[in-house]
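The values are calculated or read from the model by the stated rules, or taken from the named source; none is laboratory data. Being a predicted model, the structure only gives us computed values, none of them experimental. Here Cβ is always computed from backbone atoms with ideal geometry, including for glycine, and neighbour counts include all displayed protein chains.
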Amino acid sequence: MKVRKIVTVVEEIRTEGGREVWPPARVAVVAAVIENPWAGQGFVEDLGPGIDETASDLGAMLAPQVLAALELPAEAYGKAAIVGLDGEVEHGSALIHTLKFGDHFRKAADATTLLPAVEKRGPAGVVFDIPLKHITDATIRSHHQTIEVRIADAPHQDEIVVALAAAAQGRPQQRLAALSTEQ
Amino acid sequence: MQATETKPVPGLRKLVVYRETLVTEAGARPARPVQQASAAAVLRNPWVRTGPSRDLSEEVAQIAPSLARLLTDRLADALGGVAAIEAFGKAAIVGTAGEIEHGGALIHTPYFGNLMREFLEGESIICFADARAEAGQPLVVPLWHKTHAATRSHYQTVSTRVPDAPRADELVVVAAASTGPRPHPRIGDRATDPVITVKSLESVLS
């Protein structure tokens with residue numbers, strides 16, 4: 001795995017809808033900008049070897065960092081793969097949609113649910129939204145949320161940005177009735 | 001990146017800390033691993049709808065010091081302490097209902113600048129960028145050496161952006177810093193430059 005840079009973003013919301021949020025609502029993202037393992041190889045039929053070489057190491061690197069940046073236990077989480085313009089979206093999906101990648105985060109966060117994800121292709125500086133859901137029950141509405149990320153000079157055309165996001169709580173001022181009230 | 005809580009900043013809506021750790025550049029590891037960071041505060045513009053003759057000093061004295069404290073605390077926390085910081089810069093993005101002067105009021109007066117310099121143990125004038133913009137507009141913040149501003153290896157920038165700020169009646173105030181030079185600095189310095197004048201380059205220019 002060839003890493004160019006690691007980006008950490010922490011958002012802390014103090015006021016929402018004109019009302020104070022206390023304790024502040026925290027969401028953290030850690031993204032690795034890496035070389036696309038399949039760059040320059042044309043159409044690669046079997047992505048397995050590239051996944052084996054990269055996905056687990058990537059998950060093991062990012063999971064502890066995003067939890068450290070959050071500084072609080074994670075209640076919601078999500079992931080992202082943003083592929084540079086010369087790659088396939090399938091390359092990003094290959095890196096994040098295996099248990100080899102996701103299990104590091106699930107284990108570190110004591111989580112059980114599938115990680116919601118965004119996969120897309122774009123130029124350097126593309127804005128992407130990472131969806132987050134509750135770490136043990138994806139039907140908990142209060143925790144459905146999104147964080148927006150942009151890295152000014154990534155991904156280059158032969159790179160992939162792979163990111164994990166974690167939130168310490170649901171949305172600030174969340175006040176929707178639970179799914180169970182409609183069933 | 002959660003420093004101990006300081007005196008609250010009036011009108012603060014949110015705080016965004018961004019950090020980049022450069023591992024390789026142009027395929028090679030830099031001689032020194034360097035981190036850049038920015039800390040951005042989104043706050044209500046206290047001067048919206050007050051007009052260009054309004055004296056800004058009262059709110060500056062009230063808001064800017066706690067803002068300087070909060071942002072430099074977060075920066076130092078993100079970069080491993082004040083001693084690790086070698087270059088710094090600052091910025092303001094004013095929402096469309098405000099004046100650029102409102103951003104300047106919060107970053108260019110001693111209530112912010114002197115405190116930021118002192119908190120980060122610098123001596124240089126702090127370089128800056130400002131803009132009036134819609135929410136989500138990126139701004140490139142220049143940085144230079146905190147004690148020797150003319151150190152060429154430390155001329156660098158960090159891009160800052162808050163997705164949903166500033167709203168028309170808000171301001172984004174940014175403090176930014178780096179723990180070292182550009183990844184592969186190799187364009188000399190004042191000490192190594194030849195003497196270059198228009199006269200010395202006469203043959204090239206004509």
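Would you mention how many residues in segment A:58-83 are assigned to a strand (DSSP E or B) and either more than 16 Å from residue A:107 (Cβ to Cβ) or within 14 Å of chain B (Cβ to nearest Cβ) (or both)?
If we filter segment A:58-83 for residues that are assigned to a strand (DSSP E or B), which is where we start, we get A:76-83.
Those left that are additionally either more than 16 Å from residue A:107 (Cβ to Cβ) or within 14 Å of chain B (Cβ to nearest Cβ) (or both): A:76, A:78, A:80-83.
Matching residues across segment A:58-83 total 6.
Any idea which of (1) of a type in the set (Ser, Thr, Tyr); (2) more than 14 Å from every other protein chain (Cβ to nearest Cβ); (3) under 22 Å from residue A:9 (Cα atoms) is the one residue A:93 doesn't satisfy?
Only one criterion is unmet by residue A:93, namely (3).
Taking the condition of being at the interface with chain B (Cβ under 10 Å from one of its Cβ atoms) and either closer than 22 Å to residue A:96 by Cα or free of Cβ contacts under 8 Å to residues at least 24 places away in the same chain (or both), how many residues in segment A:1-19 meet it? Break it down stepwise before answering.
To start, the set of residues in segment A:1-19 that are at the interface with chain B (Cβ under 10 Å from one of its Cβ atoms) comprises A:2-16, A:18.
This time we only want the ones that are either closer than 22 Å to residue A:96 by Cα or free of Cβ contacts under 8 Å to residues at least 24 places away in the same chain (or both), so: A:2-10, A:12, A:14-15, A:18.
Residues flagged as at the interface with chain B (Cβ under 10 Å from one of its Cβ atoms) and either closer than 22 Å to residue A:96 by Cα or free of Cβ contacts under 8 Å to residues at least 24 places away in the same chain (or both) within segment A:1-19 amount to 13.
State all residues of segment A:72-107 that are of a type in the set (A, V, I, L, M) and surrounded by fewer than 19 Cβ atoms within 10 Å (Cβ to Cβ); if no residue qualifies, say none.
Kept after step one, since they are of a type in the set (A, V, I, L, M), are these residues of segment A:72-107: A:72, A:74, A:76, A:80-83, A:85, A:89, A:94-96, A:99.
Once the filter is applied, which keeps residues that are of a type in the set (A, V, I, L, M) and surrounded by fewer than 19 Cβ atoms within 10 Å (Cβ to Cβ), segment A:72-107 yields A:72, A:85, A:89, A:99.
Could you tell me whether any residue of segment B:27-38 is surrounded by fewer than 23 Cβ atoms within 10 Å (Cβ to Cβ), of a type in the set (Gly, Ala, Ser) and assigned to a strand (DSSP E or B)? First the steps, then the outcome.
Restricting attention to segment B:27-38, the residues satisfying the condition of being surrounded by fewer than 23 Cβ atoms within 10 Å (Cβ to Cβ) are B:27-35.
This time we only want the ones that are of a type in the set (Gly, Ala, Ser), so: B:27-28, B:31.
So of that shortlist, the ones also assigned to a strand (DSSP E or B) come out as B:28.
Taking every residue of segment B:27-38 in turn, at least one turns out to be surrounded by fewer than 23 Cβ atoms within 10 Å (Cβ to Cβ), of a type in the set (Gly, Ala, Ser) and assigned to a strand (DSSP E or B).
Report every pair of residues separated by at least 6 positions or lying on different chains whose Cβ atoms are under 6 Å apart, first residue within segment B:9-29 and touching a residue at least 12 places away in the same chain (Cβ under 8 Å), second among the acidic types (Asp, Glu).
B:15/A:12; B:16/A:11
Can you tell me how many residues within segment A:138-183 are of a type in the set (Val, Ile, Thr) and farther than 20 Å from residue A:35 by Cβ?
Within segment A:138-183, the subset of a type in the set (Val, Ile, Thr) is A:139-140, A:146-147, A:149, A:151, A:160-162, A:181.
Cutting the leftovers down to farther than 20 Å from residue A:35 by Cβ gives us A:139-140, A:146-147, A:181.
Result for segment A:138-183: 5.
Please find, among A:110, A:86, A:46, the residue that is part of a loop (DSSP other than H, G, I, E, B) and free of Cβ contacts under 8 Å to residues at least 24 places away in the same chain.
Selected residue: A:46, the only one of A:110, A:86, A:46 that is part of a loop (DSSP other than H, G, I, E, B) and free of Cβ contacts under 8 Å to residues at least 24 places away in the same chain.
Would you be able to say whether some residue in segment B:70-87 is touching a Pro at 6+ places or on another chain (Cβ under 6 Å), more than 14 Å from every other protein chain (Cβ to nearest Cβ) and buried (at least 23 other Cβ atoms within 10 Å of the Cβ)? Lay out the reasoning, then the answer.
Here is the first cut: in segment B:70-87, the ones touching a Pro at 6+ places or on another chain (Cβ under 6 Å) are none.
Within segment B:70-87 (the criterion being touching a Pro at 6+ places or on another chain (Cβ under 6 Å), more than 14 Å from every other protein chain (Cβ to nearest Cβ) and buried (at least 23 other Cβ atoms within 10 Å of the Cβ)), the answer is no, since none of the residues qualifies.
Within segment A:26-57, which residues are within 23 Å of residue B:79 (Cα to Cα) and either more than 9 Å from chain B (Cβ to nearest Cβ) or among the polar types (S, T, N, Q) (or both)?
A:27, A:29, A:30, A:31, A:34
Checking residue A:54 against (1) within 19 Å of residue A:10 (Cα to Cα); (2) more than 13 Å from the chain's Cα centre (by Cα), only one condition comes out false. Which one?
Evaluating residue A:54 over (1) within 19 Å of residue A:10 (Cα to Cα); (2) more than 13 Å from the chain's Cα centre (by Cα) leaves (1) as the failure.
Those residues that are assigned to a loop (DSSP other than H, G, I, E, B), away from chain B (no Cβ under 11 Å), out of contact with any Asp or Glu (no Cβ under 7 Å at 6 or more places or on another chain) and buried (at least 21 other Cβ atoms within 10 Å of the Cβ), I need them from segment A:124-169; list them, please.
Result: A:155, single match.
Condition check: modelled with pLDDT of 95 or more, more than 15 Å from residue B:18 (Cα to Cα) and away from chain A (no Cβ under 13 Å). Does residue B:125 satisfy that?
Taking the combined requirement at face value, the residue satisfies it.
Can you pull out every residue in segment B:132-141 that is touching a residue at least 40 places away in the same chain (Cβ under 8 Å) and away from chain A (no Cβ under 14 Å)? So that I can check it myself, show each step before the final result.
Step one: of segment B:132-141, the residues touching a residue at least 40 places away in the same chain (Cβ under 8 Å) are B:133, B:135, B:137, B:139, B:141.
Passing the criteria: only B:133.
Does residue B:17 count as in a loop (DSSP other than H, G, I, E, B), in contact with a strand residue (DSSP E or B) (Cβ under 9 Å, 6 or more places away or on another chain), within 14 Å of another protein chain (Cβ to nearest Cβ) and crowded, with 22+ Cβ neighbours inside 10 Å? Step through it out loud before you land on a result.
Numbers: in a loop (DSSP other than H, G, I, E, B): no; in contact with a strand residue (DSSP E or B) (Cβ under 9 Å, 6 or more places away or on another chain): yes; within 14 Å of another protein chain (Cβ to nearest Cβ): yes; crowded, with 22+ Cβ neighbours inside 10 Å: yes.
Spelling it out, it is not the case that residue B:17 is in a loop (DSSP other than H, G, I, E, B), in contact with a strand residue (DSSP E or B) (Cβ under 9 Å, 6 or more places away or on another chain), within 14 Å of another protein chain (Cβ to nearest Cβ) and crowded, with 22+ Cβ neighbours inside 10 Å.
Just to verify a result, which residue in segment B:30-70, among those that are of a type in the set (Val, Ile, Thr) and in contact (Cβ under 8 Å) with a residue 12 or more places away in the chain, is farthest from residue B:96 (Cα to Cα)? So that I can check it myself, show each step before the final result.
Narrowing segment B:30-70 to residues of a type in the set (Val, Ile, Thr): B:34, B:42, B:48, B:50, B:60, B:63.
If we keep only those that are in contact (Cβ under 8 Å) with a residue 12 or more places away in the chain too, we end up with B:34, B:42, B:48, B:60, B:63.
Numbers: B:34: 35, B:42: 14, B:48: 10, B:60: 20, B:63: 20 Å.
The residue in question is B:34.
Residue A:56 passes all but one of (1) touching a Ser or Thr at 6+ places or on another chain (Cβ under 8 Å); (2) over 22 Å from residue A:144 (Cβ atoms); which number fails?
Unmet condition: (1).
Considering only segment B:90-206, give the strands (runs of 3 or more DSSP E) lying wholly within it that have at least 1 residues that are crowded, with 18+ Cβ neighbours inside 10 Å and more than 17 Å from the chain's Cα centre (by Cα). Explain how you work it out, then say what you get.
Values: elements: B:127-132, B:139-145, B:156-160, B:170-178.
Hits in segment B:90-206: B:170-178.
Can you tell me which residue among B:94, B:60 is over 19 Å from residue B:177 (Cβ atoms), touching a Leu at 6+ places or on another chain (Cβ under 6 Å), modelled with pLDDT of 95 or more and away from chain A (no Cβ under 14 Å)? Steps first, answer last, please.
Details: B:60 fails: touching a Leu at 6+ places or on another chain (Cβ under 6 Å).
Selected residue: B:94, the only one of B:94, B:60 that is over 19 Å from residue B:177 (Cβ atoms), touching a Leu at 6+ places or on another chain (Cβ under 6 Å), modelled with pLDDT of 95 or more and away from chain A (no Cβ under 14 Å).
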